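The structure appears below as structure tokens.
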Amino acid sequence: MKLTTNTQVSVDGVMQANGGRNERLDPGMERGGWARPLFDSEALAFVGQFYQRADAFLFGRRTYDLFAGYWGAFDAPVDPIRHALNTQPKYVVSNTLTDPQWPDTTVLSGDVAAAIRELKAKPGGELQVHGSGLLTRWLLENDLVDEINLLVCPVVVGQGTRLFPDVGSDIALDLVDSRAFPKGITLQVYRPAGRPQYAT
């Protein structure tokens, strides 16, 4: 399977609280919900189609808890995101979760890199990561990502956790696809391409 990531980010790279404000989950984050008003019908359709391409999902613990609490209990059988998430296998990286309540969930712990390589070696289309910023960065650092999908929202949030930290790994990217949606969201699809070249 190809490991693909899908992340909504602001122009200044923020990914935290894109869907809404929640003081319990994002204490001190006053600017949550910055992405939702920018999603038009075309962008929403793309997201739904993206989820339907998945043969399995991989989550960090925090995103897993968010998704399980919402999509795992969401009662709308015709929703493409809910359908994909509730009918495909789910994997969550965690050293503390022992009894996942969301059906068809497997916990990955210990040698996570080896476990993910085994998943990638299985036949199928895509092993998808949605959100899960810490996990996405770790996957990139360990050369486990095949494709990065960024949905860049036309807003500067000015607060919140960014997808990439101030100091981290350097990675060259090949742009393989891009498109713009009517309300200004742009999709950028990249493939990691080793280390960048630097001018002397």
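Across the chain, the relative contact order, built from alpha-carbon pairs under 8 Å that are at least six residues apart, equals 33 percent. Close amide H pairs (under 5 Å, H built 1.01 Å from N) link Gln8 with Gly131, Leu151, residues at least 5 positions away or on another chain.
Put Lys183, Lys90, Lys120, Lys2 in order of accessible area, largest first, 1.4 Å probe: what do you get? Intermediate values should be presented prior to the final figure.
On the way: Lys183 105, Lys90 0, Lys120 45, Lys2 70 Å².
Most to least solvent-accessible, the answer reads Lys183, Lys2, Lys120, Lys90.
Element breakdown for the chain at a 1.4 angstrom probe: carbon and sulfur atoms account for 51% of the accessible area. Taking the helices alone, the chain has a mean residue ellipticity at 222 nm of -7000 deg cm²/dmol, built from -39,500 (n - 2.57) per DSSP H run of at least 4 residues and averaged over all its residues. Each label was represented as a point 7 Å from its Cα along the Cα-to-Cβ direction; for Asp177 and Glu118 these points are 3.1 nm apart. Taking only the alpha carbons of the stretch 95-200, we obtain Rg and Dmax values of 16.5, 54 Å in that order. For the chain, the solvent-accessible area works out to 53 Å² per residue, with a probe of 1.4 Å and every protein chain left in place. Charge dipole (Cα centre; +1 on Lys/Arg Cβ, -1 on Asp/Glu Cβ; no other charges) of the chain amounts to roughly 100 debye. A simple count of charges around Leu135, restricted to other residues whose Cβ falls under 12 Å of its Cβ and scoring Lys, Arg +1 and Asp, Glu -1, yields +2.
Rounded to the nearest whole Hz, the Karplus-based 3J(HN,Hα) values (6.51 cos²θ - 1.76 cosθ + 1.60, θ = phi - 60°) of the stretch 190-199 follow the sequence 10, 10, x, 9, x, 7, x, 9, 10, 5, with x at glycine and proline.
For Cα extents along the principal axes in Å, the value computed from the atomic coordinates appears in the list [x] 49, 38, 32; [y] 52, 42, 40; [z] 58, 46, 21 under label [x].
Charge tally for Gln16 (other residues, Cβ to Cβ under 10 Å; Lys, Arg +1; Asp, Glu -1): +1.
Summarising the amide proton neighbourhood of Tyr91: residues at separation of 5 or more, or on other chains, whose placed amide H is nearer than 5 Å comprise Phe57, Leu58, Phe59, Thr106.
The values are calculated or read from the model by the stated rules, or taken from the named source; none is laboratory data. Note that the coordinates shown come from a computational prediction; the quantities given were computed from them, not determined experimentally. Here Cβ is always computed from backbone atoms with ideal geometry, including for glycine, and neighbour counts include all displayed protein chains. Surface areas here come from the heavy atoms of the whole protein model, side chains and all, with no ligands, DNA or RNA. Shrake-Rupley method; radii C 1.70, N 1.55, O 1.52, S 1.80 Å.
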